1. Output yes when any residue across segment 283-293 is β-branched (Val, Ile, Thr) and open to solvent by 40 Å² or more (accessible area, probe 1.4 Å), and no when none is.
2. Pairs under 7 Å by beta carbon, first residue in contact (Cβ under 8 Å) with a residue 12 or more places away in the chain in segment 238-251, partner open to solvent by less than 30 Å² (accessible area, probe 1.4 Å) and outside any helix (DSSP H, G or I), six or more apart or different chains?
3. For segment 85-118, which residues satisfy the criterion of being of a type outside the set (Val, Ile, Thr), at pLDDT 85 or above and open to solvent by less than 40 Å² (accessible area, probe 1.4 Å)?
4. Please pick out the residue among Ser74, Ser125 that is hydroxyl-bearing (Ser, Thr, Tyr), part of a loop (DSSP other than H, G, I, E, B), surrounded by 14 or more Cβ atoms within 10 Å (Cβ to Cβ) and on the phi < 0 side of the Ramachandran plot.
5. Within segment 196-233, how many residues are farther than 16 Å from Tyr173 by Cβ, in a helix (DSSP H, G or I) and open to solvent by 60 Å² or more (accessible area, probe 1.4 Å)?
6. Just one of the numbered conditions (1) modelled with pLDDT under 90; (2) open to solvent by 60 Å² or more (accessible area, probe 1.4 Å); (3) within 20 Å of Ala128 (Cβ to Cβ) is not true of Asp65; which one?
7. Which one of these does Asn144 not meet: (1) modelled with pLDDT of 85 or more; (2) under 20 Å from Leu57 (Cβ atoms); (3) of a type outside the set (A, V, I, L, M); (4) open to solvent by 20 Å² or more (accessible area, probe 1.4 Å)?
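The values are calculated or read from the model by the stated rules, or taken from the named source; none is laboratory data. Quick caveat, the model's predicted, so the values are computed rather than measured. Neighbour counts are summed over all protein chains in view; Cβ atoms, including those assigned to glycine, are modelled from backbone coordinates with ideal geometry. Surface accessibility is based on the protein's heavy atoms, side chains included, excluding ligands, DNA and RNA. Shrake-Rupley method; radii C 1.70, N 1.55, O 1.52, S 1.80 Å.
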Amino acid sequence: MCSSDLDLYVNYYLNAKNYDKAFEYGDKLFALDPDNFANAVNMVRAAQEKGDSDKLLSYGAKAADILKRYKASSVPDEEKKRNLENAHDNIVYVQQLIFNGAYQTKDPTKRAAQLVQFAQMFPDSPYADQAMGVAAASYRQTQNTPKMLEVANGLLAKDPNNIGMLLLLADYYSEKGEQLDKAEADAKKATAALADAKKPEGVTDEQWQQQVSLQKGLALSALGQVNIQKKNNAGAVENLKAASPLLKGDAGSYARNQYRLGYALLNLKKVQEAKQAFTEAASVDSPYKQPSLDKLKAMSG
């Protein structure tokens, strides 16, 4: 069977949503024509529609290798440039599908590994830094601190004002009670970077406003936690109170902030205000619900 016949079969089965058959004929087409980028696009699409993240990554790697070989080929520069420009939309489409597929992987360890793999396959992709940012946060979630620090510091080496990574490190160190000066500096740097941040394409004004508010709130909450660790409870109360309304949209961050606030107020012997803060922390479903209820119980006892 020639490659054009195989291509017809791939498209037929892809449109019929018979993905296993599409893969079967797509693999036969690759055996005949390993540099067929249109086939790589079809295979990535089929894997994404089937929801198979392993196949998505393996066909994504094929697409990346095809592009790498083409860029290194002896095709004249003018022609190469023109062909890559013509393929631009398909290249971004493939990257978007792979990034989204990896991003939606439920298991945080697997998600992190897939996102790092994606960023290595497509280092020039507009999604590469975002992928590494989500990977770092996923490593934090699984408490794989060495990998989290490696990815976060790698991103900051490329982009010293990466707000997500500055906040991640400020949050991590303030919570751990380690490198408090660095945590404070990173939180302040993130706040300054937020003031100059530009709204990305495809994000509504409302979504952007929510994101900026949340990130400002996280920076202030990290500063408040640094203050608590440094025994500056008055400074902590000021920062945590300012963070409070900004974090309302994120239950976990809000509860943690109010728990910290209750703690700082208790250290200042402001018992009624502390009770109020612990009550607010207990009012939303989060890991801070039970500790807050325990605190309230101990205080009323």
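1. In the first step, residues of segment 283-293 are kept if they are β-branched (Val, Ile, Thr); the result is 284.
Restricting the remaining residues to those that are open to solvent by 40 Å² or more (accessible area, probe 1.4 Å) gives none.
No, segment 283-293 has no match at all.
2. Qualifying pairs under 7 Å: Ala251/Ser286.
3. Result: Ala87, Gln95, Leu97, Phe99, Gly101, Ala102, Arg111, Ala112, Gln114, Leu115, Phe118.
4. Values: Ser74 fails: surrounded by 14 or more Cβ atoms within 10 Å (Cβ to Cβ).
From the options Ser74, Ser125, the qualifying one is Ser125.
5. Qualifying residue count, segment 196-233: 8.
6. Here Asp65 meets the rest and fails (1).
7. Among (1) modelled with pLDDT of 85 or more; (2) under 20 Å from Leu57 (Cβ atoms); (3) of a type outside the set (A, V, I, L, M); (4) open to solvent by 20 Å² or more (accessible area, probe 1.4 Å), the lone unmet condition for Asn144 is (1).
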